[in-house]
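Take a look at the structure below.
The values are calculated or read from the model by the stated rules, or taken from the named source; none is laboratory data. This structure is a prediction, so every number in the text was calculated from the model and none was measured. Cβ placement follows ideal geometry from the backbone for every residue including glycine, while neighbour counts extend to all protein chains displayed. Areas reflect the complete protein model, heavy atoms only, side chains present, ligands, DNA and RNA absent. Shrake-Rupley method; radii C 1.70, N 1.55, O 1.52, S 1.80 Å.
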Amino acid sequence: CEQADLSLAVNGKSGRAVIRYGHRATVTGVLRCGTAPIASATIVMGGGGLGTTLVSAPDGTFSYSVPNGPSRTLTFSYRAFSDDPSPSASARALISVLPRIRLAISPRSTFNGGTITWRGRVQGGPYPPGGVTLLVEVKEGRRWLPFDEIVARKGRFTYRYTFLRTTQPTSYRFRVALPANGAGGYDYRPGGGSNTITVHVS
């Protein structure tokens, strides 16, 4: 079939999906000639440092389990004849990956003039040589407001903050997150941020 149709879904969604690091992404596809499935066809997959070949089942379907890693765009292509200069059909699957960021703060209770220490880890490599830039954020109302930046080196970070202007008992909610436009050289999707930790200042 020289005018084949190749359609893709990622985790059941058409062509794309957003997942958290450590969760699985499975690309499924169907190869047809009109309404008839194309069986035993070779489909070539490449992109994002990955590459393999797949063979369609009797009903024209195939699947690929994407290894853990950064966000990727994968291209699946089919040639009706091995010496064809270009694919008869191709489609792309976009997998956007959110990093998993874990945060710990101690102590959880302090006073004005007291210092708290933040430690954490960004799970999801590879990491750029210059580290991953993260925003230090506090929640005010419904919004997260950044007030400082830190850099995670090889996925780990440490940060200290001293309270100087808290004149009455206050509970603060903190987290760290990727900047809205991402971190340079780090192929993961911004959004979500770390777990939230509450610190009480008396």
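With R₀ fixed at 45 Å, the C-beta to C-beta distance from Ala80 to Arg156 puts the FRET efficiency at about 0.35. Of interest is the spacing of the C-alpha centroids, which for the range 135-180 and the range 42-57 amounts to 43 Å. About its Cα centre, the range 47-202 has a charge dipole of approximately 860 debye under the convention of +1 per Lys or Arg Cβ and -1 per Asp or Glu Cβ, with nothing else charged.
Rolling a 1.4 Å probe over the protein heavy atoms gives the chain an accessible area of 54 Å² per residue. Of the residues Ile105, Ala152, Ala41, the one whose Cα sits farthest toward the positive end of the charge dipole of the chain, with +1 on the Cβ of Lys and Arg and -1 on the Cβ of Asp and Glu, is Ile105. Give me the percent of accessible area attributable to carbon and sulfur for the range 1-149, probe 1.4 angstrom. On the range 1-149, the fraction of accessible area on carbon and sulfur atoms equals 48 percent. Model label sites at Phe147 and Val44, defined 7 Å from Cα along the beta-carbon direction, differ in position by 5.5 nm.
With bins 10 Å wide beginning at 0, the percent of Cα pairs of the chain falling in each bin runs 8, 28, 22, 17, 12, 8, 4, 1. Here is the size of the range 1-104 from its Cα atoms: Rg then Dmax, 14.9, 57 Å. Simple rule: put +1 on each Lys or Arg Cβ and -1 on each Asp or Glu Cβ in the chain, find the dipole, and look at Thr166, Val122, Tyr78; the Cα lying farthest toward the positive end is Thr166. Of the beta bridges in the chain, as assigned by DSSP with both residues counted there, near 90 percent are antiparallel.
Subtracting the Cα-Cα distance of Asp59 and Ala180 from 0.36 nm times their residue separation leaves 39.3 nm of extension gain. Starting from the Cα of Arg16, step 7 Å toward the Cβ, then list every residue of the range 53-83 with an amide N under 18 Å from that point. Within reach of a label on Arg16, which here means backbone N under 18 Å from a point 7 Å along Cα→Cβ, the range 53-83 contributes 70-76.
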